[in-house]
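Worksheet: one structure, shown below.
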Amino acid sequence: MTRYDASEIEGKWQRVWEQRGTFRATADRSRPKYYVLEMFPYPSGKIHMGHVRNYTQGDVVARYKRARGFNVLHPMGWDAFGMPAENAAIERGVHPARWTYDNIANMRRQLERMGFSYDWSREIATCHPEYYRHEQAMFLDFLEADLVDRRESWVNWDPVDNTVLANEQVIDGKGWRSGAAVERRKLTQWFFRITLFADELLDELARLERWPERVRHMQENWIGRSEGALVRFALLGRADRLEVFTTRPDTLFGASFCAVAIDHPLVAERAGSDAVLARFVEECRRLGTTEEAVETAEKLGHDTGLRAIHPFDGRELPVYAANFVLMEYGAGAIFGCPAHDQRDLEFARKYGLSVLPVVAPAGVAAPEVVVGAEAFTGDGRLINSDFLDGLAVPEAKRAMAQRLESIGAGERKVTYRLRDWGVSRQRYWGCPIPVIHCSGCGVVPVPRDQLPVRLPDDVTFDAPGNPLDRHPTWQHVVCPRCRAPARRETDTFDTFVESSWYFARFCSPRASAPIERDAAAYWLPVDQYLGGIEHAILHLLYSRFFTRALSRTGHLGALAEPFAGLFTQGMVLHETYLDSNGQLLFPEQVARRDDGRLVHATTGAPVTAGAVEKMSKSKRNVVDPEDIIAAFGADTARWFMLSDSPPERDLEWTAAGADGVRRFLNRLWRLVDEAPAASGAAGAANDGVLAIRRATHRTIAAFTADLEGFHFNRAVARLYELVNTLTGMESEGPAAIAAYREGLETLVRLIAPICPHLAEELWQRLGHDRLLVETPWPEADPALVAETDVTIAVQVNGKLRATLTVPKGLAKAAAEKAALDDPAVARAIGDKPVRRVIVVPDRIVNVVV
RNA sequence: GCGGGCGUGGCGGAACUGGCAGACGCACCAGAUUUAGGUUCUGGCGCCGCAAGGCUUGGGAGUUCGAGUCUCCCCGCCCGCACCA
């Protein structure tokens with residue numbers, strides 16, 4: 001008898017795979033490719049259970065597809081630029097590069113111990129000059145292709161990290177990383193012109209069939225396309241005109257005022273001579289745009305004194321500066337139609353402006369239309385609107401847009417919520433933006449033969465702000481064009497730039513070109529991408545933009561989308577623990593007594609279990625994957641991650657569950673260890689043999705279908721079922737032994753993607769010389785999968801009264817007779833006449849009395 | 001407010017196109033063998049009931065021979081977006 005020792009066999013097989021280069025991928029046009037990718041980690045120092053779950057799912061897919069004969073690319077790397085490295089430098093005096101590379105080394109070791117089938121020869125770290133030099137080259141190409149813009153604009157400033165943030169990185173008015181309330185500043189910044197692709201990014205979402213609908217909706221909302229019209233109002237006594245955007249040009253005759261954002265140029269102009277207006281603007285700025293402020297704030301306005309002339313009826317409309325109008329959206333100005341917009345209505349009531357209904361709901365005659373507390377935003381017919389009267393809303397929109405265009409007072413216009421992607425960051429640990437500022441020549445790209453622009457190593461972190469700004473020499477260069485003294489750009493890229501193209505670099509990670517077109521053409525798109533929902537907008541949208549920009553600049557061939565399939569996994573949760581003082585405890589500080597009570601592991605004081613929450617340091621409910629591997633082995637951790645909870649849902653890690661998995665893996669070990677030797681005597685195929693073989697082949701079919709459909713928890717359940725079926729069957733005679741061994745071998749082959757080390761070991765112990773990882777996936781025999789008998793339900797008036805086992809395909813009449821002959825059915829029918837019998841072959845008979 | 005998702009035993013969850021609700025696992029209970037190593041094996045386990053039987057998928061109505069699944073209303077929870085004109 002032998003024992004299952006995870007640590008021994010896991011190391012053993014990892015070394016074998018490594019020596020054989022089993023997971024090295026090479027492009028091979030004669031074989032179908034499969035590119036499976038998990039979102040690469042930030043090298044924070046240690047992997048966490050969320051990584052373990054994500055990467056286990058990806059590894060199951062990779063190993064399964066490899067067994068199915070695909071040429072699989074499954075790479076791993078490091079999203080290595082970012083603030084934590086600088087914080088480590090500030091707090092501990094360790095250089096960001098040193099900190100990062102040490103973390104990478106440790107995390108790589110941890111991932112290796114999990115037995116993930118990565119092609120480590122393709123490993124990349126985005127902080128390496130051999131990676132970011134290509135990013136700089138791409139940027140220069142984007143610059144030439146007019147995909148980049150440099151302009152002054154209002155930006156989100158994170159006062160803790162001392163840097164600008166993209167709109168996507170501001171969550172509820174706070175920095176996504178620091179949590180600090182974001183301020184508004186006006187700065188000159190580099191932008192990637194993602195809005196050029198707004199329509200395409202939106203339209204192509206519909207074709208991403210293997211993406212979660214949730215993610216597609218989130219991107220759709222983020223891009224926020226709205227169709228409407230620009231209206232230009234003449235301003236009384238002025239030559240310039242006021243441009244407003246509206247999605248309801250049909251309601252123009254109901255306009256009773258115009259309103260502009262407090263940041264609007266007209267306000268700035270008027271505030272110069274109007275102290276009250278200036279004070280009003282100041283107050284609005286102070287209120288800010290945080291969630292609570294927005295929710296509770298009244299609609300406030302201040303008359304600028306300007307008068308807009310209605311383009312059709314010539315009325316003079318007051319122009320207000322208003323706190324609910326956003327400079328960032330549309331034209332930064334609106335016309336207010338109080339009868340048909342709730343905000344405008346509140347505003348009009350407050351300032352005593354007229355309210356004229358111009359849309360009548362269906363069935364209401366024009367004179368009866370009254371506006372109460374609610375604006376009417378539904379469909380209807382136009383009234384009080386001159387040439388629009390009688391038209392339905394959609395027609396009126398079209399008619400008004402046409403009329404505006406014909407008189408030159410406006411035009412159809414589509415606007416987006418999506419903004420251009422501001423990529424300048426005032427930080428050290430990022431990719432330098434490869435341009436030079438010359439007082440004579442302006443912005444000059446760094447010549448390509450001078451790439452990469454390397455980060456200087458000798459920087460200090462003893463003062464706030466960007467260390468590159470303080471560096472004594474780095475930024476002082478000569479202008480490549482006029483040779484005059486010039487200044488290097490000291491901003492670095494948003495770290496989301498690196499992760500926007502790493503999937504393409506993996507196709508040719510050591511190539512001298514940023515992306516080798518042939519390699520990319522073979523491997524891309526990523527067939528299956530796996531990661532967290534938190535990247536639903538940021539990373540996934542940026543990558544979709546980059547793919548288009550790279551196609552346009554010739555780095556990639558025609559490639560519509562980077563990720564053909566996307567899977568977003570749930571989080572890993574754990575119970576929280578509180579001692580009697582209400583202090584949080586770590587799981588390892590808590591012990592469970594025999595009676596089930598929780599106590600402090602050292603003091604024995606009572607402990608209560610709190611909510612089950614996402615693992616986080618602040619909740620102290622974390623378990624370290626390294627401890628889990630040491631205590632249980634990688635295979636147990638991998639199995640646990642896939643069992644019970646569907647992969648897209650949250651999963652609670654429990655010690656009891658891990659124990660349960662270990663017990664099961666031990667049981668598998670024993671089954672193989674104690675399996676009777678194959679006798680060679682092939683005996684008659686009796687019922688027992690057939691039952692084993694059917695169970696085996698049905699498991700192959702069902703398990704395979706479950707893996708294909710990402711139903712890992714169901715797949716795992718099938719394996720338990722097969723084990724339950726096989727248990728004890730080895731004693732059924734020589735013929736059964738052969739079938740039993742077939743069942744065991746199948747089991748071992750099926751578990752291989754989940755717990756590959758144990759599977760490889762058991763496969764060898766079953767007498768195979770060929771590595772399991774090089775053995776094709778088992779095929780189910782259709783003859784054994786097909787059912788011969790089926791169990792059908794018999795209902796009387798919809799209530800189950802009996803089940804019958806009948807030959808598959810039994811004719812309706814025969815099934816009906818069998819059902820009516822059943823004593824339990826007869827009892828339920830009693831002496832009532834049978835009115836009707838519904839027979840669904842192979843499923844059910846329902847007797848209606 | 002808008003958009004999306006979800007609600008099934010003590011728990012995680014199964015249930016393909018409407019057709020045996022509760023697969024499988026955890027926890028628990030009973031028994032057996034006993035284990036140096038996190039034992040192993042057998043059986044039970046939605047609720048009520050001694051039983052026959054009845055009830056049961058958040059609540060209510062509807063469609064249907066038949067509803068966890070479809071439709072409508074309500075309740076609760078989660079996620080995303082939000083003065084977006």
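The values are calculated or read from the model by the stated rules, or taken from the named source; none is laboratory data. The structure displayed is predicted, hence computed values, not measured ones. Here the Cβ is made from the backbone with ideal geometry for all residues, glycine too, and neighbour counts use every protein chain on show.
From the list A:Ala362, A:Ala375, exactly one residue is hydrophobic (A, V, I, L, M, F, W, C) and touching a Gly at 6+ places or on another chain (Cβ under 7 Å). Which is it?
Numbers: A:Ala375 fails: touching a Gly at 6+ places or on another chain (Cβ under 7 Å).
Just one listed residue meets the conditions, A:Ala362.
Applying the selection to the stretch A:167-210, what residues are over 28 Å from A:Val443 (Cα atoms), part of a helix (DSSP H, G or I) and away from RNA strand B (no atom under 15 Å from the Cβ)?
A:Asp199, A:Glu200, A:Leu201, A:Asp203, A:Glu204, A:Arg207, listed by residue number.
List pairs: first residue in the stretch A:162-179 and in contact (Cβ under 8 Å) with a residue 24 or more places away in the chain and closer than 19 Å to A:Ile223 by Cα, second residue of a type in the set (Val, Ile, Thr) and surrounded by fewer than 20 Cβ atoms within 10 Å (Cβ to Cβ) anywhere in the structure, Cβ distance under 7 angstrom, at least six positions apart or on different chains.
Correct list of pairs: A:Glu168/A:Ile537; A:Gly173/A:Thr289; A:Gly173/A:Thr290.
Could you tell me how many of the residues in the stretch A:415-450 are outside any strand (DSSP E or B), under 28 Å from the mean Cα position of the chain (by Cα) and among the basic types (Lys, Arg)?
3
Looking for something surrounded by fewer than 21 Cβ atoms within 10 Å (Cβ to Cβ), of a type in the set (Lys, Arg) and either over 17 Å from A:Glu761 (Cα atoms) or modelled with pLDDT under 90 (or both) - is there at least one such residue anywhere in the stretch A:680-693?
Of the residues in the stretch A:680-693, the ones surrounded by fewer than 21 Cβ atoms within 10 Å (Cβ to Cβ) are A:680-688, A:690-691.
With of a type in the set (Lys, Arg) added as a condition, the list becomes none.
No, the stretch A:680-693 contains no residue that is surrounded by fewer than 21 Cβ atoms within 10 Å (Cβ to Cβ), of a type in the set (Lys, Arg) and either over 17 Å from A:Glu761 (Cα atoms) or modelled with pLDDT under 90 (or both).
Please indicate, with yes or no, whether at least one residue in the stretch A:305-321 is out of contact with any helix residue (DSSP H, G or I) (no Cβ under 7 Å at 6 or more places or on another chain), within 14 Å of RNA strand B (Cβ to nearest atom) and part of a loop (DSSP other than H, G, I, E, B).
Looking through the stretch A:305-321, none of the residues is out of contact with any helix residue (DSSP H, G or I) (no Cβ under 7 Å at 6 or more places or on another chain), within 14 Å of RNA strand B (Cβ to nearest atom) and part of a loop (DSSP other than H, G, I, E, B).
Where residues in the stretch A:819-836 are among the charged types (D, E, K, R) and within 10 Å of RNA strand B (Cβ to nearest atom), which of them is farthest from A:Gln795 (Cα to Cα)? Explain how you work it out, then say what you get.
Of all residues in the stretch A:819-836, those among the charged types (D, E, K, R) come to A:821-822, A:827, A:831-832, A:835-836.
Next, from what is left, pick out any that are within 10 Å of RNA strand B (Cβ to nearest atom): A:827, A:835-836.
Values: A:Arg827: 12, A:Arg835: 14, A:Arg836: 12 Å.
Applying the filter and picking the extreme gives A:Arg835.
For the stretch A:568-587, what are the residues that are touching an Asp or Glu at 6+ places or on another chain (Cβ under 7 Å) and part of a strand (DSSP E or B)?
A:Thr568, A:Gln569, A:Leu573, A:His574, A:Thr576, A:Leu585
Can you tell me which residues in the stretch A:263-294 are at pLDDT 90 or above, in a loop (DSSP other than H, G, I, E, B) and closer than 26 Å to A:Ala181 by Cβ?
A:His264, the sole residue that qualifies.
Could you identify the single residue in A:Thr746, A:Thr775 that is more than 19 Å from A:Arg694 (Cβ to Cβ), touching a residue at least 40 places away in the same chain (Cβ under 8 Å) and either more than 16 Å from RNA strand B (Cβ to nearest atom) or among the polar types (S, T, N, Q) (or both)?
A:Thr775
Among the residues in the stretch A:665-679, are any under 30 Å from the mean Cα position of the chain (by Cα) and under 28 Å from A:Val612 (Cβ atoms)?
Taking every residue of the stretch A:665-679 in turn, none turns out to be under 30 Å from the mean Cα position of the chain (by Cα) and under 28 Å from A:Val612 (Cβ atoms).
For the list (1) part of a strand (DSSP E or B); (2) within 27 Å of the chain's Cα centre (by Cα); (3) away from RNA strand B (no atom under 13 Å from the Cβ), I need the number of the one condition that A:Asn156 fails.
Failing condition for A:Asn156: (3).
Which one is nearest to RNA strand B (Cβ to nearest atom) among residues in the stretch A:1-15 that are surrounded by 15 or more Cβ atoms within 10 Å (Cβ to Cβ) and of a type in the set (A, V, I, L, M, F, W, C)?
Ranking the qualifying residues of the stretch A:1-15, first place goes to A:Ala6.
With the requirement that a residue be within 21 Å of A:Lys397 (Cβ to Cβ) and either touching a strand residue (DSSP E or B) at 6+ places or on another chain (Cβ under 7 Å) or among the charged types (D, E, K, R) (or both), what does the stretch A:355-372 give you?
Correct list: A:Val358, A:Val359, A:Ala360, A:Pro361, A:Ala362, A:Ala366, A:Val369.
Within the stretch A:238-255, identify whether any single residue is surrounded by fewer than 19 Cβ atoms within 10 Å (Cβ to Cβ), touching a residue at least 40 places away in the same chain (Cβ under 8 Å) and not in a strand (DSSP E or B), and answer yes or no.
Yes; the residues of the stretch A:238-255 include at least one that is surrounded by fewer than 19 Cβ atoms within 10 Å (Cβ to Cβ), touching a residue at least 40 places away in the same chain (Cβ under 8 Å) and not in a strand (DSSP E or B).
For residues in the stretch A:211-230 being near RNA strand B (Cβ under 10 Å from one of its atoms) and in contact with a strand residue (DSSP E or B) (Cβ under 7 Å, 6 or more places away or on another chain), which is nearest to A:Glu168 (Cα to Cα)?
A:Val215
Show me the strands (runs of 3 or more DSSP E) entirely contained within the stretch A:742-849 in which 1 or more residues are among the hydroxyl-bearing types (Ser, Thr, Tyr) and under 45 Å from the mean Cα position of the chain (by Cα). I'd like the intermediate steps shown before the answer.
On the way: elements: A:789-796, A:799-807, A:836-840, A:844-848.
Correct list: A:789-796.
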